[in-house]
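Undergrad: The structure under discussion is supplied below as structure tokens; questions concerning it will follow.
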Amino acid sequence: MSMTKPMPDALEIQEINFESVKRKQRVKSFTKGMLFLLPSIVLFGVFLFYPLFKTMYLSFFLTNARGETTVFVGLQNYIEMFTSPIFHQSMKSTFLFVLYTVPTTIIIALLLAVLANEKLKGIGFFRTIFSSTMGISVAAASVFWLYMFHPSIGFLNRILNLIGLESIGWLTDPNWALIAVAVTTIWMNLGFTFLVLLGGLQSIDSYLYESADIDGAGYFYKLRRITIPMLSPTLFFVITVTIINAFQTFGQIDILTQGGPQNTTNLIVYSIYREAFSNYQFGTASAQAIVLFIIILVMTIIQFKLGERKVHYQ
Amino acid sequence: MGYIELMGISKSYNKQSNVLNGIDLTIEKGEFFVLVGPSGSGKSTLLRMIAGLEEISGGTLKISGEIVNHLPPKNRNLSMVFQNYALYPHLSVEQNILFGLHAKKIDKEIQRKRLEETAEMMGLSELLKRKPRELSGGQRQRVALARAVVSEAPLCLMDEPLSNLDAKLRANMRIEIRRLQKRLGLTMVYVTHDQVEAMTMGDRIMVLNDGIIQQVGEPIELYNKPANLFVATFIGSPKMNLGKAVLKDSKLLIENALEVPLEQMEVPTSLQNRDLVIGLRAEHMPHGSEQHQIQKVEIVNVEHLGNETLISFEVGTELWTAKWLGQWLVQVGDIVPIHISVENMCFFDADTGCLIQEAAFSQKQEVVSK
Amino acid sequence: MTMPISKKILFYFLLSIAALVVFAPALMAFVMSFMENKDIMTGTIPQSLSFDNYLKAFEQFPLLKYLFNSLVVSIVITIGQLVLSSLAAYAFVFLEFKGRDMLFFLFIATMMVPFEASIIPNFHIIRDLNWIDQYPGLTVPFFATAFGTFLLRQNFKQIPKELREASQIVGMGDFKFYLKVVLPVAKTSLVTLGAYGFLTSWNMYLWPLLSTTNDTVRTVQIGLKQLQTQEQLNDWGVIMSGAIIVIIPTLILLFLGQKQLQKGLTEGAIK
Ligand SMILES: Nc1ncnc2c1ncn2[C@@H]1O[C@H](COP(=O)(O)OP(=O)(O)OP(=O)(O)O)[C@@H](O)[C@H]1O
Ligand SMILES: [Mg+2]
């Protein structure tokens, strides 16, 4: 078999050859990979990473109305922000808002998904209705609810009056405005959350239920022991997305309350928007944007860490 | 000089342990060469290195005299058939068959001609407009073969192409592939983990285990003269019966249970004073009707195959199986006479597992056949 | 397995109640869009329904222009996302090169940067490029998407790698394989991602609000806000007709592709 072993030095020459060929191939495959990724990388660079660093940079400066830096103020923007009562209010509202919306959205969507997962005639119609709010834009949804919350002709107050209660200033009463915005948001997010959870439910293997049936398990036992654990990756995803969405709320505020009354609905993104594009305080607005970035970063990381441990993956 | 030459080929995925080690091999032009071995032994890896789909970590690979280590697959002039057929699901049978010719920008007229010929040969003419998902497993297999045939590459590589088919279809396709290869004069490198497939199809077989060549040779040679215990148990069904043995006086003591007289056989010095393992094929232990060399054994299992009967019995701690021609109405627990002769035994070294001496009986047979 | 009738009735009852509650705001808006203003104000059952509000909305506002702008913006974003994310997903699945894992991590990292946090410099970039009130300003920043890349990557991973190897043996290059095999084979997930991209771009709010100052490229969402704030008489019928017009295209898309979307979103989300 090995009758003609090449001479030692001939072998060496060949190997040197291979090495350079291999290197060339490596360079080629690297270039090719980069070509495929380049469009995405460039756009991420220009519209995501560069602006992020620019935001950090801006947060240490005062700016003129065009957004050009004028005076370096170090941490002054941050100090002012953290001592400002308006910002405190904004943070408080934001966290309250997350607290109001996230669990409620998920619980309602989960109930709807469990209902809509039954194999019944015409179930497709109900699924379509439940997922419909996903197709309704912020602007349209806010307009719908603007009517619902209308002080005199609004549906909610008419119902209240009908049963003999007094009207509520849904959008003008500081005690109610944040809740009103939260209700709108829950309604808007219901469609997406429902659709994803339904998908999660349907991807659970039916033999799990069948074997539970054979063991004679009841409806709620199955729900608790099979459905929820098997659904946990989906739930985990949905929770993360809903939290992040809640922190990014903007459109509802802009149409329903413009941050009022008494800044109770001045959620962080709206606050950034107002600071930057109404007051032209790009420095302080950037400091707030950095806070938003850090909150979302921390949320994502916590979710990942917790998720890794708790979530049951197949 | 062979058509494909592997010189000291080795492969490692992680730079630490080798999946393949020092493979030296020559495959001749027009040969049907089978790579066989258990799962994970490195068969696919070796085949894919020949194809150029896997980088070669060490050694030299030549195809028709040229070093091709660095060449991409398309410059090696070969075709390949995959286990899952790798048919393009969105293309029709016709487009699938022509896929390669199209990619190589071969003249449209020639494409047509080759397509017709190949479809005719493979019996696919009626199916050309169908999509792969509308075909049966056997038909898909045929399309995959057609794709290799139509390329007219002189070398064809196949990686377990029949393992997704049922037993009957597999038997048919074995013959079909074999015929096709001979007819087109292809050089074939064929990977399988099924030793029956290897025995029935290969001109030569290479047995691979743990990335090391165990033996290369013609099917009969592997069967009669297994180079070591691994090949002995891997090739043949039921597998070769093994037992530890020592020479004592003029007797062979197997597993401290069976005593077989040596009779007139001369004992070569190579067998004396060492630990041995003897191997004995099932068909070499017939029913003991003659008066000599008979052992009495107790049956622990019987399998009726119709034309033959498999009888299992214990030898010390080993379970041996004998194959008797015809139908035997024996039952578990019966004590039967069985013919066990030193003449039919292969002798292996107990420490290294290597063959020391093949069965004397098979030597005689070989002479007869030549 | 069939349910007992009583259980069935219970489920239909619950489903109907839930559907009514969920759909109520949209349903009311829909009815109002055909009502006269005085009926809305007094809250009486309408005597007659008419398209007057729609006619008024189209007369008083350049709604058609807004709709057209939204269509252009959404289609351009959708195509851009499909092209960029399918290219990137191809690289992550089929190409092996140094630094690939690092780049993949970079893509994951983009998920942690909310667009809202970098909106100030983004606005300045668009302004300096003179892209305010231009289609590119509304579309280009959204072409690259990590979500889309992951969704397609998940799908491409299910394409047997033997398909790529078979094409390598006949000497087909990567770009051709991407065009001729990967894209057609992954057609359904491309459609899913496309529908999702269209939906989200059609519904964008903050960015179009910032990057448009006049009607030339203003999208229908911002148009609706204009309609709502400028409708002096508080003519709810007109406002609602505007809102209904805005949601019709996305609702149709959603109804058509609900099953697909549901599957695609779960796949992209979980694995
Ligand atoms: N890409 C890879 N990275 C790391 N190790 C690998 C890779 N591919 C294969 N291996 C290892 O190489 C060894 C040989 O694999 P190979 O696929 O050649 O086996 P095989 O003989 O074809 O087995 P089978 O009959 O199951 O197909 C195995 O131990 C496998 O785990
Ligand atoms: Mg293999």
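The values are calculated or read from the model by the stated rules, or taken from the named source; none is laboratory data. Everything numeric in this text was worked out from a predicted model, so none of it was measured. Note that each Cβ is placed from the backbone with ideal geometry, even for glycine, and that neighbours are counted across all protein chains shown.
Undergrad: Does region B:51-59 include one or more residues that are crowded, with 20+ Cβ neighbours inside 10 Å, within 16 Å of ligand 1 (Cβ to nearest atom), among the charged types (D, E, K, R) and farther than 30 Å from B:ILE220 by Cβ?
TA: The answer is no; no qualifying residue exists.
Undergrad: Continuing with the same structure: Quick one: which strands (runs of 3 or more DSSP E) sit completely within region B:4-56 and have at least 2 residues that are in contact with a Ser or Thr (Cβ under 6 Å, 6 or more places away or on another chain)?
TA: Answer list for region B:4-56: B:4-11, B:20-27.
Undergrad: Which condition breaks for B:GLY59 when tested against (1) in contact with a Leu (Cβ under 8 Å, 6 or more places away or on another chain); (2) more than 13 Å from ligand 2 (Cβ to nearest atom); (3) at negative phi?
TA: With respect to (1) in contact with a Leu (Cβ under 8 Å, 6 or more places away or on another chain); (2) more than 13 Å from ligand 2 (Cβ to nearest atom); (3) at negative phi, B:GLY59 is out only on (3).
Undergrad: To continue, here is another question. Identify the single condition in (1) under 27 Å from the mean Cα position of the chain (by Cα); (2) not in a helix (DSSP H, G or I) that B:VAL332 does not satisfy, given that it satisfies every other one.
TA: (1)
Undergrad: Let me ask something else. Filter region B:158-167 down to the residues that are within 16 Å of ligand 2 (Cβ to nearest atom) and in a loop (DSSP other than H, G, I, E, B), then identify the one that is farthest from the other protein chains (Cβ to nearest Cβ).
TA: Among them, the one singled out is B:LEU162.
Undergrad: Here's a follow-up. Residues in region A:62-78 that are within 12 Å of another protein chain (Cβ to nearest Cβ) and surrounded by 13 or more Cβ atoms within 10 Å (Cβ to Cβ): how many?
TA: Total satisfying the criteria: 3.
Undergrad: While we're on this one: If the Cβ limit is 8 Å and pairs must be 6+ apart or interchain, which residue in region C:59-78 that is outside any helix (DSSP H, G or I) pairs with which residue that is surrounded by 20 or more Cβ atoms within 10 Å (Cβ to Cβ)?
TA: C:PHE61/C:GLY223; C:PHE61/C:LEU227; C:PHE61/C:GLY242; C:PRO62/C:GLY223
Undergrad: Looking only at region A:49-61, count how many residues are surrounded by fewer than 17 Cβ atoms within 10 Å (Cβ to Cβ) and touching a strand residue (DSSP E or B) at 6+ places or on another chain (Cβ under 7 Å).
TA: Total satisfying the criteria: 0.
Undergrad: Continuing with the same structure: Out of C:VAL181, C:VAL140, C:VAL170, report the one residue that is within 28 Å of the chain's Cα centre (by Cα) and within 9 Å of chain B (Cβ to nearest Cβ).
TA: It is C:VAL181.
Undergrad: Looking at region B:197-219, which of its residues are loosely packed, with under 15 Cβ neighbours inside 10 Å and either within 16 Å of ligand 1 (Cβ to nearest atom) or more than 20 Å from B:CYS354 (Cβ to Cβ) (or both)?
TA: B:THR200
Undergrad: Of (1) within 16 Å of ligand 2 (Cβ to nearest atom); (2) part of a helix (DSSP H, G or I), B:ILE220 satisfies all except one. Which?
TA: Going through (1) within 16 Å of ligand 2 (Cβ to nearest atom); (2) part of a helix (DSSP H, G or I) one by one, B:ILE220 breaks only (1).
Undergrad: Let me ask something else about it. Restricting the search to region B:36-47, which residues are touching a helix residue (DSSP H, G or I) at 6+ places or on another chain (Cβ under 8 Å) and either among the hydroxyl-bearing types (Ser, Thr, Tyr) or within 9 Å of ligand 1 (Cβ to nearest atom) (or both)?
TA: Once the filter is applied, which keeps residues that are touching a helix residue (DSSP H, G or I) at 6+ places or on another chain (Cβ under 8 Å) and either among the hydroxyl-bearing types (Ser, Thr, Tyr) or within 9 Å of ligand 1 (Cβ to nearest atom) (or both), region B:36-47 yields B:GLY37, B:PRO38.
Undergrad: Which ranges mark the helices (runs of 4 or more DSSP H) fully within region A:215-314 that have 2 or more residues being among the small types (Gly, Ala, Ser)? Give the steps one after another, and end with the answer.
TA: On the way: elements: A:219-222, A:228-247, A:251-256, A:268-277, A:282-310.
So the answer is A:228-247, A:268-277, A:282-310.
Undergrad: Every residue in region C:1-46 that is among the small types (Gly, Ala, Ser) and more than 7 Å from chain A (Cβ to nearest Cβ), please.
TA: C:SER6, C:SER16, C:ALA24, C:SER33
Undergrad: Looking only at region B:57-109, how many residues end up being within 8 Å of chain C (Cβ to nearest Cβ), assigned to a strand (DSSP E or B), touching a helix residue (DSSP H, G or I) at 6+ places or on another chain (Cβ under 6 Å) and not polar (S, T, N, Q)?
TA: The qualifying residues number 1.
Undergrad: Pick from C:GLN158, C:GLN154: which is assigned to a loop (DSSP other than H, G, I, E, B) and either at pLDDT below 95 or among the polar types (S, T, N, Q) (or both)?
TA: Exactly one residue qualifies, and that residue is C:GLN158.
Undergrad: Can you name the condition, by its number, that A:HIS150 falls short on among (1) assigned to a loop (DSSP other than H, G, I, E, B); (2) within 24 Å of A:PHE236 (Cα to Cα)?
TA: All conditions are met except number (2).
Undergrad: Quick one: in region B:195-212, which of the residues that are within 16 Å of ligand 2 (Cβ to nearest atom) and more than 14 Å from every other protein chain (Cβ to nearest Cβ) is farthest from B:ASN228 (Cα to Cα)?
TA: B:GLU197
Undergrad: Still on this structure: For region B:11-28, which residues satisfy the criterion of being within 16 Å of ligand 2 (Cβ to nearest atom) and not charged (D, E, K, R)?
TA: B:TYR13, B:VAL19, B:LEU20, B:ILE23
Undergrad: Here is a further query. In region B:175-185, is there at least one residue being in the same structural domain as B:PRO73 (by TED's automatic domain parsing) and within 16 Å of ligand 2 (Cβ to nearest atom)?
TA: No: zero hits.
Undergrad: Related question: Please go through (1) over 30 Å from C:LEU95 (Cβ atoms); (2) touching a residue at least 60 places away in the same chain (Cβ under 8 Å); (3) of a type outside the set (Ser, Thr, Tyr); (4) within 12 Å of chain C (Cβ to nearest Cβ) for A:MET81 and return the number of the only condition it doesn't satisfy.
TA: Tallying (1) over 30 Å from C:LEU95 (Cβ atoms); (2) touching a residue at least 60 places away in the same chain (Cβ under 8 Å); (3) of a type outside the set (Ser, Thr, Tyr); (4) within 12 Å of chain C (Cβ to nearest Cβ), A:MET81 fails exactly one: (4).
Undergrad: Could you grab me the full set of residues in region B:122-140 that are touching a residue at least 40 places away in the same chain (Cβ under 8 Å) and charged (D, E, K, R)?
TA: Correct list: B:LYS131, B:ARG133, B:ARG140.
Undergrad: Kindly establish whether B:THR192 is on the phi < 0 side of the Ramachandran plot, buried (at least 23 other Cβ atoms within 10 Å of the Cβ), within 16 Å of ligand 1 (Cβ to nearest atom) and away from chain C (no Cβ under 14 Å).
TA: yes
Undergrad: Moving on to the next point. Within region B:25-56, which residues are among the acidic types (Asp, Glu) and either away from every other protein chain (no Cβ under 11 Å) or under 11 Å from B:MET206 (Cβ atoms) (or both)? Before the answer, list the steps.
TA: Narrowing region B:25-56 to residues among the acidic types (Asp, Glu): B:28, B:31, B:54-55.
Listed by number, the residues that qualify are B:GLU28, B:GLU31.
Undergrad: Out of the residues in region B:1-24 meeting the condition of being within 11 Å of another protein chain (Cβ to nearest Cβ) and within 15 Å of ligand 1 (Cβ to nearest atom), tell me which one is nearest to B:ARG76 (Cα to Cα).
TA: Kept after step one, since they are within 11 Å of another protein chain (Cβ to nearest Cβ), are these residues of region B:1-24: B:1-2, B:5-8, B:22-24.
Still in the running and within 15 Å of ligand 1 (Cβ to nearest atom): B:6, B:23.
On the way: B:LEU6: 14, B:ILE23: 20 Å.
Result: B:LEU6.
Undergrad: Please list, ordered by first then second residue, the pairs with beta carbon atoms under 9 Å, 6 or more apart or interchain, first in region B:73-86 and within 16 Å of ligand 1 (Cβ to nearest atom), second of a type in the set (S, T, N, Q) and assigned to a loop (DSSP other than H, G, I, E, B).
TA: Close Cβ pairs (under 9 Å, with a partner that is of a type in the set (S, T, N, Q) and assigned to a loop (DSSP other than H, G, I, E, B)) amount to B:GLN83/B:SER163; B:GLN83/B:ASN164; B:ASN84/B:ASN164; B:TYR85/B:ASN164.
Undergrad: Let me ask you something else. From (1) crowded, with 21+ Cβ neighbours inside 10 Å; (2) in a helix (DSSP H, G or I); (3) within 16 Å of ligand 2 (Cβ to nearest atom), pick out the condition that doesn't hold for B:VAL143.
TA: (3)
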